[in-house]
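The values are calculated or read from the model by the stated rules, or taken from the named source; none is laboratory data. Note that this is a predicted model, so its numbers are computed, not measured. Ideal geometry is used to build each Cβ from the backbone, glycine not excepted, and the neighbour counts take in all protein chains shown. The protein model used for the area step is the full one, side chains on, heavy atoms only, and it has no ligands, DNA or RNA in it. Shrake-Rupley method; radii C 1.70, N 1.55, O 1.52, S 1.80 Å.
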Amino acid sequence: MATVAFIGLGNMGGPMAANLIKAGMTVTVFDLNPAAVDALTSQGALSAKTACGAAASADFVITMLPAGKHVRGLYIGDDDNKGLLDVVPKQALLIDCSTIDADSARLVGAKAAEKGIEFMDAPVSGGTAGAAAGTLTFICGGSDNAYAKAQTVLRVMGGNIFHAGSVGAGQVAKICNNMLLSVLMVGTSESIQLGLDNGLDPKVLSDIMKVSSGGNWTLEKYNPCPGVMENVPSSKDYQGGFMVDLMVKDLGLSQQAALASNSSTPMGSLARSLYVNHARQGNGSRDFSSIFEQFSKKK
Ligand code: NAD
């Protein structure tokens, strides 16, 4: 059985690591937050005092961190701290599942290649529910060899696994997806509120739109209006799920990419402004479907 080092045990990384343990793999974990480590050791993980300690003898190193600076810092290190690239075995496969800028992924990939180590970006879609159920979608950027080798661990944590291209391509595909998701969430929110304001039952309206031409993932799986759907963040005061701050980060990444490629993304730009405004009003750590309150809340 494969030995895995898993670093970054937050809302996503925690349940992903737990699924590897359930599959019988030897998983050594590390997180800056000791409580997150304890939650995994109680499920059978080994722990290490440092990230380098966890990764030093692993077949696979998987990271699930907030942003590019965390990923660069962890893999490359600095004058005072070794990076994972200084300690991992040459035959190890490094898989970063965080959503970060493609340039950071390419930088880490190039530094890894200089040392003869394979690195792949594999950001995910499917949220915390998908992480817990082991049904995430992985969007991979890396060599054919890395993609083939990664199946051993990705199949345990995910359903759909795609090869988008070389290192960094997974990140590009992921931010395109999240830009579209934000636009759908805003559009769904304003549409449901328009119906409410005109006397409709939001559940009936959602059922109609779900099977009509306005149907989309947010209506099917993640309705933003409280009370329409059970077990989604909107019915739990927008707790858990995917934080507004992380959506703001992803929309910043898509706008950076659009600038660099001179692409026109007016809807993504507007969605970013709406989400930045929402975060500034104190909603940064709530689920991104709470954008609904920008339309529903009486001021
Ligand atoms: P999170 O904030 O819950 O977890 C991040 C974890 O990383 C924390 O436990 C933190 O302590 C740890 N960490 C940070 N720096 C570290 C370091 N140097 N060494 C070790 N641990 C470190 O975030 P999350 O919701 O799990 O998201 C992680 C990534 O997945 C983000 O890039 C996010 O955009 C992406 N993502 C999240 C979701 C979602 O629904 N939450 C869905 C898809 C993708």
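Of the residues Gln193, Gln171, which is over 20 Å from Ser296 (Cβ atoms) and modelled with pLDDT of 95 or more?
Only one candidate qualifies: Gln171.
Could you please let me know if Phe60 is open to solvent by 30 Å² or more (accessible area, probe 1.4 Å) and among the aromatic types (Phe, Trp, Tyr)?
For Phe60, the condition - open to solvent by 30 Å² or more (accessible area, probe 1.4 Å) and among the aromatic types (Phe, Trp, Tyr) - is not met.
Which one is nearest to Leu74 (Cα to Cα) among residues in region 98-123 that are in contact with a Ser or Thr (Cβ under 7 Å, 6 or more places away or on another chain) and open to solvent by less than 10 Å² (accessible area, probe 1.4 Å)? Reasoning before the result, please.
We begin by selecting, within region 98-123, every residue in contact with a Ser or Thr (Cβ under 7 Å, 6 or more places away or on another chain); these are 98, 118, 123.
From what's left, open to solvent by less than 10 Å² (accessible area, probe 1.4 Å): 98, 123.
Details: Ser98: 12, Pro123: 17 Å.
Step by step, filter region 98-123, then rank; the result is Ser98.
Looking only at residues in region 238-257 that are of a type in the set (Gly, Ala, Ser) and within 30 Å of Ala132 (Cα to Cα), which one is most open to solvent (accessible area, probe 1.4 Å)?
Per the criteria, the residue is Gly240.
Would you confirm whether or not region 194-210 contains a residue that is touching a Ser or Thr at 6+ places or on another chain (Cβ under 6 Å), crowded, with 20+ Cβ neighbours inside 10 Å and among the polar types (S, T, N, Q)?
no
Step by step: first the residues of region 258-272, then only those that are open to solvent by 40 Å² or more (accessible area, probe 1.4 Å) and assigned to a helix (DSSP H, G or I), then the one that is farthest from Ala173 (Cα to Cα). Which residue is that?
Leu270
Within region 126-142, take every residue that is of a type in the set (Gly, Ala, Ser) and under 12 Å from Gly241 (Cα atoms) and give me the one that is farthest from the ligand (Cβ to nearest atom).
At the first step, the residues of region 126-142 found to be of a type in the set (Gly, Ala, Ser) are 126-127, 129-134, 141-142.
Narrowing further to those that are under 12 Å from Gly241 (Cα atoms): 126-127, 129-132.
Numbers: Gly126: 7, Gly127: 4, Ala129: 8, Gly130: 8, Ala131: 7, Ala132: 11 Å.
Applying the filter and picking the extreme gives Ala132.
Pick from region 143-155 the residues that are farther than 24 Å from Trp217 by Cα and open to solvent by 40 Å² or more (accessible area, probe 1.4 Å): which of them is nearest to the ligand (Cβ to nearest atom)?
Only one residue fits best here, namely Tyr147.
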